[in-house]
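Below is one structure, written out as structure tokens, with a few remarks after it.
The values are calculated or read from the model by the stated rules, or taken from the named source; none is laboratory data. Given the structure is predicted, the values throughout are model-derived calculations rather than measurements. Glycine gets a Cβ as well: all are built from the backbone with ideal geometry, and neighbour counts include every protein chain shown.
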Amino acid sequence: MDSGDTAFMLISTALVMLMTPGLALFYGGLVRTKNVLATMMQSFICLGVVSILWVVFGYSLAFGPDKGGFIGGFDWAFLRSVGTDPGPYAATIPHLVFSAFQLMFAIITPALITGAFAERMKFSAFFLFTILWTTFVYFPVCHWVWGGGWIGKLGALDFAGGTVIHINSGTAALASALVVGKRRGYRKEPFQPHNLPLTVLGAGLLWFGWFGFNAGSALTAGAVAGVAFFNTQVATGAAAVAWITAEWIKVGKPTTLGAASGAVAGLVAVTPAAGFVGPLAALSIGILAGLFCYGAVLAKEKLGYDDALDVVGIHGIGGLWGALATGLFASTVYNSAGADGLFYGNPKQLLVQAVGALAAIVYSFVVSWILLKVTGALTGLRATAEDEVQGLDLTQHSETSYVL
Amino acid sequence: MVKIEAIIKPFLLEQVKEALNTIGVTGLTVTEVRGFGRQKGHREIYRGAEYLVEFQPKIKIETVIPQERTEEVVETILKAARTGKIGDGKIFVYPLTQVIRIRTGERGKTAI
């Protein structure tokens with residue numbers, strides 16, 4: 001046990017926790033005035049719902065003793081044998097601290113998906129879907145990569161959750177946009193973000209919290225945490241600049257929303273690579289993340305599905321790029337526990353990364369689709385036409401965001 | 001008595017107010033409004049989506065004056081609110097039947 005590591009992990013855990021309210025602000029600013037609270041609520045309440053699941057069976061399913069490479073089983077249900085001594089995943093901190101850190105990741109992942117079905121899903125449907133999705137998609141995929149499951153055993157590198165969190169939520173977002181359908185008035189009336197300053201504030205909090213997400217994933221307060229911290233900053237800044245530059249060329253104006261979106265794209269893409277690559281690689285990953293994700297967001301307009309807040313374009317595509325980029329740029333110079341990527345003479349790593357990413361995409365898409373259909377059959381997915389026009393704040397929660 | 005209503009470019013409000021102050025117009029009501037005329041709308045871009053926002057933000061000023069000052073006030077607003085570019089707005093002049101000061105109950109010109 002190490003008090004320095006424990007202190008570092010407690011702080012990192014709190015930083016990751018702050019990302020979920022940050023996401024609520026990021027999303028809340030992007031929707032129309034009538035849906036602000038409903039949108040923020042869908043992120044915020046994950047802090048509660050997932051915490052309960054985690055204690056009862058979530059941590060056990062994700063990190064409990066491996067059952068066939070697929071799931072952790074119920075050996076650690078109700079956190080049985082998860083206490084103050086170190087567990088098998090981090091030798092220098094209490095097992096409970098590791099579990100708390102991982103809980104924050106489990107919270108933000110379903111919250112990310114909510115951007116895809118924003119402004120039209122009933123709260124009851126969101127609530128049920130979140131419980132089902134976290135149980136049947138997040139916990140297994142988390143186990144595959146980090147809990148001793150088959151993707152991890154294959155040698156795939158995912159430092160802080162590019163596959164587990166971003167590919168996973170981005171793919172579920174695509175299924176959500178397709179199953180739930182378009183918002184009423186999509187492409188007929190303008191859906192202007194009601195308060196971009198909230199979105200920029202949210203992006204700032206995400207960026208700040210992400211230092212805990214990435215550096216904390218080292219699980220010790222050492223050199224690898226420092227590498228991850230530095231890479232996080234560089235990739236994020238570069239992606240923000242890349243996004244607004246592309247916009248500037250394409251439409252003539254660099255936008256504030258572009259800067260905020262680019263920053264998030266950079267954070268997403270550097271996540272799997274953070275502790276395995278050097279700063280120059282992080283710079284390349286960031287620049288290309290800004291360009292790829294901006295391209296993906298433009299492509300959505302052509303493809304015509306209503307991923308309201310661009311979860312697919314930013315988290316799905318950014319996560320996929322990050323997973324593959326880790327297979328290109330990884331170097332054991334920066335982390336001896338990692339691996340070398342294609343650019344360091346190990347092309348097999350790229351293949352392994354692709355297999356891991358593809359598995360997460362297929363599994364998440366298919367199971368998310370099924371869970372949405374199940375939710376639809378039990379509660380119905382969408383608010384009624386009248387409620388959607390009236391707004392979800394009033395019809396789902398009996399509140400209004402702004403009283404003037 | 002006459003009520004003058006003018007739709008002007010928002011950035012010219014201060015200038016118009018100063019000009020009216022100078023000629024002794026004593027009261028003014030200002031509203032933020034949106035609308036379109038020949039200028040039509042403007043483009044807004046949010047990530048991949050481009051929207052034509054049809055209503056332009058404008059300022060509406062309203063003032064009430066004695067009928068004989070109509071030309072003077074209209075000329076003053078014209079001078080202060082004109083840029084010569086499309087979207088400078090319009091001035092409307094209405095006949096007014098009564099003005100009442102609530103505090104004293106005065107009516108007509110003395111209430112202006």
Single condition A:Leu309 does not satisfy, out of (1) farther than 21 Å from A:Val277 by Cα; (2) in contact (Cβ under 8 Å) with a residue 12 or more places away in the chain; (3) not in a loop (DSSP other than H, G, I, E, B); (4) not polar (S, T, N, Q): (3)
Can you go through B:Lys60, B:Lys79, B:Lys9, B:Lys85 and tell me which one is in contact (Cβ under 8 Å) with a residue 12 or more places away in the chain, surrounded by fewer than 15 Cβ atoms within 10 Å (Cβ to Cβ), of a type outside the set (Ser, Thr, Tyr) and farther than 30 Å from A:Asp307 by Cβ? B:Lys79
List the residue pairs whose Cβ atoms are under 6 Å apart, where the first residue sits in region A:59-78 and is polar (S, T, N, Q) and in a helix (DSSP H, G or I), the second is surrounded by fewer than 18 Cβ atoms within 10 Å (Cβ to Cβ) and at pLDDT 95 or above, and the two are 6 or more positions apart or on different chains. A:Ser60/A:Phe74; A:Ser60/A:Ala77
I need the full set of residues from region A:172-213 which are among the β-branched types (Val, Ile, Thr) and within 14 Å of another protein chain (Cβ to nearest Cβ), in order please. A:Thr199, A:Val200
Need the failing condition index for A:Val241 against (1) surrounded by fewer than 21 Cβ atoms within 10 Å (Cβ to Cβ); (2) within 14 Å of chain B (Cβ to nearest Cβ), just the number. (2)
Is there a residue being crowded, with 17+ Cβ neighbours inside 10 Å, at pLDDT 95 or above and under 30 Å from A:Arg184 (Cα atoms) anywhere in region A:338-346? no
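So, B:Arg43, is that one loosely packed, with under 12 Cβ neighbours inside 10 Å and within 30 Å of A:Gly29 (Cα to Cα) or not?
Details: loosely packed, with under 12 Cβ neighbours inside 10 Å: yes; within 30 Å of A:Gly29 (Cα to Cα): yes.
Taking the combined requirement at face value, the residue satisfies it.
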Output for Cβ contacts, cut-off 9 Å, separation at least six or different chains, first residue in contact (Cβ under 8 Å) with a residue 40 or more places away in the chain and within 9 Å of chain B (Cβ to nearest Cβ) in region A:249-266, second of a type in the set (S, T, N, Q) and not in a helix (DSSP H, G or I), reads A:Ser261/A:Thr255
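Hey, among A:Arg120, A:Arg80, which residue is of a type in the set (Lys, Arg) and farther than 30 Å from A:Leu394 by Cα?
The conditions single out A:Arg80.
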Qualifying positions in region B:1-52 - more than 14 Å from every other protein chain (Cβ to nearest Cβ), outside any loop (DSSP other than H, G, I, E, B) and of a type in the set (D, E, K, R): B:Lys3, B:Glu5, B:Glu14, B:Lys17, B:Glu18
